[in-house]
Amino acid sequence: MSLSLTDRSLVEPVVRRLNVLRPLSAEARASLEYAMLEGLQRAGSGEDLITEGDPIDSVRIVLSGWLCRYKTLEDGRRQIVNFIFPGESCDAHAFLLPVMDHSIATLTPAVYAEIKRARFESLVAADRSLAEALWCETLVNNAVQREWAINLGRRTALERAAHLFCEIFERLRPVGMVDGNSCIMPITQMDLADATGLSVVHLNRTIQELRASGLIVLRDRALTIPDLDALKDAALFSPSYLQLYRRG
């Protein structure tokens, strides 16, 4: 079975991201591509793909759109604990646990692949390069969570917002979603506030401060960073935890 150009463009972000973490064999790439295309699903904005407490019987891999992991307190307050971008899986190894400990929702319309546990386990068992790439992704997700904990616990409001913008930009780069010094920014200030632990008012003031300093431009659902090094300095940001560049 051969893939059309349309099929390849749909699954390419996943292959590109995993190849950054571990080079995939031709066999692993082909098997993963077919499995993803067989399990294609679509969701509108604001839909829960899985909620806290649900049993886990499959792996979901994002092909397009933005998602988030979140927790909600009893009074309705929401904390976004991570974003999920095209090319990333929604916890490749979560099915090893009986139930989800958080929820995953779409922030924009999304296309994703849902691969049942048995099929997924056979894929990783058949090819070491795919197994290692997915474990690397899990380790990177853990590193991202540590950085987000530092954001909430120690960074100032300006550093939090600047750090998040740097991370989004760098995570979108490997999957070809950065154009020069710009990338899409299709989410609301409420989403950004819930990710940084700030009120919407405080976040808005912080964004205005970043704008006034010439560090970012937010317009027409796009983020432009005129000087990425300057924004990284303001955020105390180092991309090493994202493991974006293979040694050698």
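The values are calculated or read from the model by the stated rules, or taken from the named source; none is laboratory data. Treat the numbers as computed from the prediction; the structure is a model and nothing was measured. Every residue, glycine as well, gets a Cβ built from its backbone with ideal geometry; the counts of neighbours run over all protein chains shown. These area figures cover heavy atoms from the full protein model, side chains too; ligands, DNA and RNA do not enter into them. Shrake-Rupley method; radii C 1.70, N 1.55, O 1.52, S 1.80 Å.
Taking every protein chain into account, the accessible area of the chain amounts to 47 square angstrom per residue (probe 1.4 Å). Lys71 contributes an accessible area of around 80 Å² to the protein surface, as traced by a 1.4 Å probe with all chains present. Shown are Met177, Met36, Met190, whose ranking by accessible area with a 1.4 Å probe and every protein chain present, most to least, is Met190, Met177, Met36.
When the Gaussian network model of the chain links Cα atoms closer than 10 Å, the mean-square fluctuations of Val62, Val178, Val99 top out at Val99. Against the chain, whose longest principal axis comes from its Cα atoms, helix 5-21 is set at around 70 degrees. Look at where the Cα atoms of region 118-183 and of region 47-100 average out, and the two centres are 14 Å apart. Considering the values (i) 18.8; (ii) 19.3; (iii) 18.2, which represents Kirkwood radius over Cα pairs in Å as calculated for the structure under consideration? Among (i) 18.8; (ii) 19.3; (iii) 18.2, the one calculated here is (i). Each label point was placed 7 Å from the Cα along the Cα-to-Cβ direction; for Gln79 and Arg205 their separation is 2.2 nm.
Could you state the angle between the C-alpha long axis of helix 26-38 and the longest principal axis of the C-alpha atoms of the chain, as a value from 0 to 90 degrees rounded to the nearest 10? So the helix axis and the longest Cα principal axis differ by about 80 degrees. Only protein atoms count toward the accessible area here, which uses a 1.4 Å probe; on the chain, the carbon and sulfur part of that area reaches 52 percent. Scanning residues 5 or more positions from Ala222 or on other chains, those with amide H under 5 Å from its amide H are Met185, with H placed 1.01 Å from N in the peptide plane.
Note on region 115-232: the C-alpha convex hull projects to 9.0 nm² when averaged across all orientations. With each label modelled as a point 7 angstrom along the Cα→C-beta vector, the Ile150-Thr72 pair spans 3.2 nm. Scanning residues 5 or more positions from Val81 or on other chains, those with amide H under 5 Å from its amide H are Arg69, Tyr70, Lys71, with H placed 1.01 Å from N in the peptide plane.
Run the helix sum for the chain: -39,500 (n - 2.57) per DSSP H stretch of 4+ residues, divided by residue count, reported at 222 nm to the nearest 500 deg cm²/dmol.
Using -39500 (n - 2.57) per qualifying helix, the result is -14500 deg cm²/dmol.
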